[in-house]
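Below: the structure, in structure tokens.
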Amino acid sequence: MQNHSREWGTKIMSVVNIFVTNAEADGFEPFEHDGTKFIFSSLGAEGPKTLVEGPVWAFIDWVMDELAGLEMCRRMRADARTGNAHITMLFEDDDNEFRKRALQAGADDYMLGPVSRNAILDRVLALQMTSFERHAATRFEHCDLAIDFLALRAFWAGQPIDLRPNEFRLLHFLAENPNRVLSREDLINGLGKNEEPIDERTVDVWIGRLRRAIKAADGGNPLRTIRSVGYVFDLN
């Protein structure tokens, strides 16, 4: 699928289409980031209602009123407009059999739903970052830490680390900058969060969530606080 762009005012911006099988998506405000405009639309059994230009992301509920999410996934793969879409299946529960059936139907990954506008954007931006910045690399491994960029999963000594998209991106950035003191500003910039004002103390919340997730995976506490300076990710 070709990557198109549209003119908005005096700027040329690329467009990303995000389809969601929830009627509320029609009310989601567009989002602009780094020269790209992300546009939301609801997705029904009839497929996209408008002309599709640019990359497509789809978030499909496992259970829908008009047809099964698996059938919607198959229809999107068979539609020339959406055949190359990145499809995320939305589950109410994390069920291994559901995941297997979704992947067989053509889904790329899954999330636990329902999902909000911000959760969808976090997912798309995280995937775009790993796609554009890591290119052919699909996995990072160092000592006990392993990060699977395609599946958006991380493991510590084989134990899965349960992460939200934002904390996944944070772990990715820290893993590429181990044993180095990083200020809160460094982390905000590294995650691409510098376009809107963010209280630097918000970083402490991100770090706290990541710490708890690593600890729950029996990874201890490799995130060290340097008082009044920032943080170090100890990865030896």
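The values are calculated or read from the model by the stated rules, or taken from the named source; none is laboratory data. From a predicted model like this one, the values you see are computed outputs, not experimental measurements. Please note: Cβ atoms are built from the backbone with ideal geometry, for glycine as well, and neighbour counts cover all protein chains shown. Note: areas computed on protein heavy atoms with side chains; ligands, DNA, RNA excluded. Shrake-Rupley method; radii C 1.70, N 1.55, O 1.52, S 1.80 Å.
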request  = Compute the distance in nm between two label points, each set 7 Å from the Cα along the Cα-to-Cβ direction, one at ASP79 and one at ASP204.
outcome  = 4.7
ask   = Using Cα pairs under 8 angstrom and six or more residues apart, how large is the relative contact order of the chain, in percent?
value = 12
query = Among the lysines in the chain, how many pairs, 8 or more places apart or on different chains, have alpha carbons under 30 Å apart?
reply = 8
note = Counting sequence-distant residues (5 or more places) and residues on other chains, those with an amide H built under 5 Å from that of ASN22 are LEU43
Computed P(r) (all Cα pairs; the chain; 5 Å bins; percent) = 1, 6, 13, 16, 18, 16, 12, 10, 6, 2, 0, 0
remark   = Checked against the positive end of the charge dipole of the chain (+1 on Cβ of Lys and Arg, -1 on Cβ of Asp and Glu, about the Cα centre), the farthest of VAL115, MET76, TYR231 is TYR231
key: Cβ crowding within 10 Å averaged over residues, with 159-169, 62-72 ranked highest first   = 159-169, 62-72
ask   = Of all accessible surface on the chain at a 1.4 Å probe, what whole percent is carbon and sulfur?
value = 46
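If you place +1 on the Cβ of every Lys and Arg, -1 on the Cβ of every Asp and Glu, and leave all else neutral, what size is the dipole of the chain about its Cα centre, to the nearest 20 Debye?
Taking the Cα centre of the chain as origin, the dipole is about 500 debye.
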task = Per residue of the stretch 33-42, in order, report the coupling 6.51 cos²θ - 1.76 cosθ + 1.60 (Karplus, θ = phi - 60°) as ³J(HN,Hα) in whole Hz, putting x for Gly and Pro.
result = 8, 6, x, 10, 10, 9, 10, 9, 8, 6
